[in-house]
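Student: Pasting a structure here, questions to come.
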Number of protein chains: 2
Amino acid sequence: VDTLSSDRATSYKSGIEARHAARQEILTGPTAGFAAGYVQANLVILPQADAATFLRFCLANPRPCPLLAVSEPGERTLAKLGQDLDLARDASRYRVFRYGDAVEEPLAVDHLWRDDLVTFALGCSFTFEHALLADGIPLRHVASGRNVAMYRSNILLEPAGPFSGEMVVSMRPLRPADAIRAIQICTRYPSVHGAPIHLGHPAAIGIHDLAQPDFGDPVPVEADELPVFWACGVTPQHSLESAGLPFAITHSPGHMLITDLRDTQLALM
Amino acid sequence: VDTLSSDRATSYKSGIEARHAARQEILTGPTAGFAAGYVQANLVILPQADAATFLRFCLANPRPCPLLAVSEPGERTLAKLGQDLDLARDASRYRVFRYGDAVEEPLAVDHLWRDDLVTFALGCSFTFEHALLADGIPLRHVASGRNVAMYRSNILLEPAGPFSGEMVVSMRPLRPADAIRAIQICTRYPSVHGAPIHLGHPAAIGIHDLAQPDFGDPVPVEADELPVFWACGVTPQHSLESAGLPFAITHSPGHMLITDLRDTQLALM
């Protein structure tokens, strides 16, 4: 297993191949670019007592928290997302929270599984990035092998119980014609954050220095470009931390669950 | 007839009512806001010898020259646009060109009609403006009773025969979230110029002073807004002038042909 580095794992041809590799703890790293064309999902796993409130939170904030699927309590599979899928082992890495603090980043959470856990699978920006790249729109952070730049905005989320806070946004610099085309393409994908929520004028959403992202890597915005902002999947994880629940599990950032869904199947049309 | 001012004509409830008023020379002024909800069309009327080339020009430049309908040679009606429709009398005013010069602005052109004239009806921004306003997006030039600001851009048109030149663009200042929503709405309306072609960075399309439009009225862009640019229906008229054809007729700018089509019927979905 040690000799099979994640670099070699770029040969995964499908979601199920990647999931089996994750389950066997061969695939343990970030999943960006793996099983190209297959939908990758953010995971939030909560006790049933908190799940109903978190569901309300997602429905009230669909741009940062777009729901792909919700499991039955205790269920370790989600047929909507794939066959032979184990929610406790198939993400490449997990993050365990106790009272809001990340305490562990295990490769599986089967040892922590409980009959009352409800899993939320949320859409991920990889799907729309794939659609943008396929259309010929350049994404600088992808080309330069960086993480996307993410910022805490001043856009308040609709609160639900203990879940609240500000929307985290991701930023991609685009030339104006590409920004317009990106808005058109992303509008077709509401379940992976949908259209951008802002462009130009970063200060209008509380971002005062684009060179200092709160998460990810800085990406320069050239003189002929506009910063284009999308609601970001880091938002629910951020709200989860500040909610301080006794127990919660997510995927580890960037270490997603790869599904059997094709990216284009999430398009409205 | 004199006592029936165009102000009173705002009561026109439909395209056919407005056309009858134009035919009777009761409606003789600009048609903006008349017969609300009905599609208004730009007209270009050319001898058959030039029409095939102009048709190629429109097809090669669909954003500034979106075709709604093309008549048979000599035909004075266009069933696709409305019943009991007289292309030679139903626009509220016409403009006659000889060798590229506007020589006359008559209320009707039946005295100039020829058996070889082909009529092109092109989509008009009123349709998408109606859709934007209906969605709650403010349009400053409408609110302040001005003409939209229009500029000669440096975007070169695809030439066809004598027709060529630069695209004329209209500009509407919008806040970022409204600009994103406007792109979504206008994308549904390709036959009335479709999505914006540019936003922000006016100099990138050759516009160096927004306060000095080439046509229409200046409209201020506030600090929290972006200038959003659409391909403009003045473009074909501009290309027509520079082509210097011996004979051509258009509607007089702002004095459109009002059709029986509903604005929403032009939406793709």
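The values are calculated or read from the model by the stated rules, or taken from the named source; none is laboratory data. Values in this document were obtained by computation on a predicted structure and should not be read as measured data. Backbone-built Cβ (ideal geometry, glycine too); neighbour counts: all protein chains shown. Ligands, DNA and RNA are excluded from the accessible area calculation, which covers all protein heavy atoms including side chains. Shrake-Rupley method; radii C 1.70, N 1.55, O 1.52, S 1.80 Å.
Student: Let's test the formula: R0 of 41 Å, r as the Cβ-Cβ distance of B:ASP135 and A:GLU25. What FRET efficiency results, to the nearest 0.05?
Tutor: In this case the efficiency is close to 0.20.
Student: Please list, in chain and number order, the residues 5+ apart from A:ARG262 or on another chain whose amide H is under 5 Å from its amide H, with Hs placed from the backbone.
Tutor: A:VAL39
Student: Now a separate question. Given a 1.4 Å probe, show me the residues in segment A:185-210 buried by at least 40 Å² of accessible surface when comparing the whole protein assembly to the chain alone.
Tutor: The answer is A:LEU199, A:HIS201 - residues whose exposure falls by at least 40 Å² when every protein chain is included.
Student: Turning to a different aspect of this structure: What residues qualify as long-range amide H neighbours of A:VAL221, i.e. H under 5 Å apart, gap of 5 or more or another chain, H built at 1.01 Å from N?
Tutor: Under 5 Å from the amide H of A:VAL221: no residue qualifies.
Student: What Kirkwood Rh does chain A have if only Cα atoms enter the pairwise 1/r average? Answer in Å.
Tutor: Evaluated over chain A, this radius sits at 18.7 Å.
Student: Please report, in cubic angstrom per residue, the volume enclosed by the convex hull of the alpha-carbon atoms of segment B:169-269.
Tutor: Dividing the Cα hull volume of segment B:169-269 by its residue count gives 128 Å³.
Student: Under unit Cβ charges (Lys, Arg +1; Asp, Glu -1), what dipole magnitude, rounded to 20 debye, does segment A:107-217 have relative to its Cα centre?
Tutor: 460
Student: When the helices in chain A are scored as -39500 (n - 2.57) per DSSP H run of 4 or longer and the sum is shared across all residues, what 222 nm value do you end up with, to the nearest 500 deg cm²/dmol?
Tutor: Result for chain A: -6500 deg cm²/dmol, rounded to the nearest 500.
Student: Could you run the Karplus curve 6.51 cos²θ - 1.76 cosθ + 1.60 with θ = phi - 60° over segment A:41-46 and give me ³J(HN,Hα) per residue in whole Hz, x for Gly and Pro?
Tutor: Whole-Hz 3J(HN,Hα) from phi for segment A:41-46: 10, 6, 10, 10, 10, 9.
Student: Right, another one. Report the dimensions of segment B:13-100 along its three principal axes from the alpha-carbon atoms, largest first, rounded to Å.
Tutor: Largest first, segment B:13-100 extends 36, 26, 24 Å along its Cα principal axes.
Student: In addition: If every alpha-carbon in the protein assembly as shown counts as one equal scatterer, what log10 I(q)/I(0) does Debye give at q = 0.06, 0.07, 0.08 1/Å?
Tutor: Once normalised to I(0) and log-transformed, intensities are -0.39, -0.51, -0.63.
Student: While we're here: Using the Kirkwood formula on the Cα atoms of segment A:66-157, what hydrodynamic radius do you get, in angstrom to one decimal?
Tutor: The answer is 16.1 Å.
Student: Same structure again: For the A and B pair, go ahead and give the buried accessible area with a 1.4 Å probe, both sides summed, in Å² to 100.
Tutor: Protein heavy atoms only, the A-B interface buries about 1400 Å².
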